[in-house]
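Report on one structure; see the data block that follows.
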Amino acid sequence: MILTLFIITGLIASTFLFMQQSTFGSNPTANRLDRINRSPNYRNGSFQNLEKTEVMREDASYVGMMSDFFNKAKDNIPPKPLPSVRTDLKALSDSVPTIVWFGHSSYLIKSKGVTILVDPVFSGNASPVSFFGKAFPGSDVYKVEDMPDIDMLVLSHDHYDHLDYLTIKKLIPRVKKFYTALGVGAHLERWGASPDQIVEFDWWESHHVATDIDMTAVPARHFSGRSLTRGKTLWTAFALKLHGYSLYLGGDSGYGKHFKEIGDKYGPFDLAILECGQYGKDWPAIHMFPEEVVTAAQDLHAKTVLPVHWAKFSLSVHGWKESVERFTKRAAEQKLNITTPQIGEPLSVGVNYPKSVWWNY
């Protein structure tokens, strides 16, 4: 999430602390904090990126950022409700990994009887209060009630547009295991998850989930925090080996040298799911510009790319479909295979990749 929004939601969160304290989660303590303190990625009281990363560029001004934020592109919000496809998620085909995207960074993966849900946000907004960060009309057609029972709930980091209190509270009774970054489990426990439901990763740590399922947490270039707290929990992406397929589950990340290292270690990937949206000139290190998404995919040795982190929330100043238009243009120039499903439209890895230009509706 961009710095401007982070500041605004932080101020809102502080104002409404006495009303909605639970939504913010909890800072790590006890054994979890001890493990954090021993992490090579935790220094000077916070987690650090692999390379120098400023949340805001050095010569940017808060005044300028706020001016841009309140003078967004005229098409920052879709002119009418987004189209979507209604899919029965409980009857989803799964002979190969099948993915249904719900807008922004939320998606479901079904493979040979295993159900995986990633960064679910189904409450209708991406902030700790209901009147800010609302979902675009038409983008919020899927709810918790539409989800099947979840074997693996994967969380990349603790920003509000990826870790949603109301959604998690409803899902906890239906989730076997949470897989997330180091420290994020403190939020989950505060909200009612039991410690034995939670598996936390530091970067480069792997976990053998089940037969033919292995997960490795890999670095991302970003930051973390809810309210005004920053860097107390880790942010991550995941390399997932799933029933003979390799998937890259990308959390939020600016472009950096880590993509090539990940690609060299764990690629090629049959499908890379990469953030493509909510970028800006004042925070170039923590979110990729659309053209950089293509370069990251090439570094990862990705055979196909699914662009996410767009089509649900306005968290930046650019047009709502600008990111996908710039991304698809560069991908075509580089002959990179991509898939652009509608919200709710299934894709099957290596078999069926929707490619419609649905955003021109």
With all protein chains present and a 1.4 Å probe, the order of Asp59, Asp140 from largest accessible area down is Asp59, Asp140
The extension gain from Ala332 to Leu228, computed as 0.36 nm times the residue separation minus the Cα-Cα distance, is 33.4 nm
Longest the chain segment clear of GluC sites (Glu not before Pro) sitting in DSSP loops (not H, G, I, E or B) with at most 16 other Cβ atoms within 10 Å runs 206-361
For the table Lys90/Lys169; Lys143/Lys321; Lys110/Lys241, the rows whose alpha-carbon distance is greater than 18 Å are Lys90/Lys169; Lys143/Lys321
Two pseudo-spin positions, 7 Å from Cα along C-beta at His208 and at Lys281, lie apart in nanometres by 5.3
Log10 I(q)/I(0) at q = 0.17, 0.20, 0.27 Å⁻¹ for the stretch 288-345, from Debye over equal alpha-carbon scatterers, is -0.54, -0.74, -1.20
The Cα radius of gyration of the chain, divided by 2.2 N^0.38 Å with N its residue count, comes to 0.91
With every protein chain kept in place and a 1.4 Å probe, the residues Lys329, Lys177 fall, from largest accessible area down, as Lys329, Lys177
The aspartates and glutamates whose Cα lies under 14 Å from the Cα of Lys74, excluding any fewer than 8 residues away in the same chain, are Glu322
SASA check, Leu33, accessible area w/ 1.4 Å probe, all protein chains in place, rounded to nearest 10 Å², comes out at 60
Counting only protein heavy atoms and leaving out ligands, DNA and RNA, the solvent-accessible surface of His243 at a 1.4 Å probe, in Å² to the nearest 10, equals 30
Full extension between Asn27 and Lys74 adds, at 0.36 nm per residue less the Cα distance, a length in nm of 13.1 nm
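Among Ile116, Ile198, what's the order by accessible area (1.4 angstrom probe), most exposed first?
Order by accessible area, largest first: Ile198, Ile116.
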Contour minus Cα-Cα span, Lys52 to Lys257, at 0.36 nm per residue, comes to 72.7 nm
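The values are calculated or read from the model by the stated rules, or taken from the named source; none is laboratory data. As the structure is a prediction and not an experimental result, all values here were calculated from the model. We place every Cβ from the backbone using ideal geometry, glycine too, and count neighbours over all the protein chains shown. Areas reflect the complete protein model, heavy atoms only, side chains present, ligands, DNA and RNA absent. Shrake-Rupley method; radii C 1.70, N 1.55, O 1.52, S 1.80 Å.
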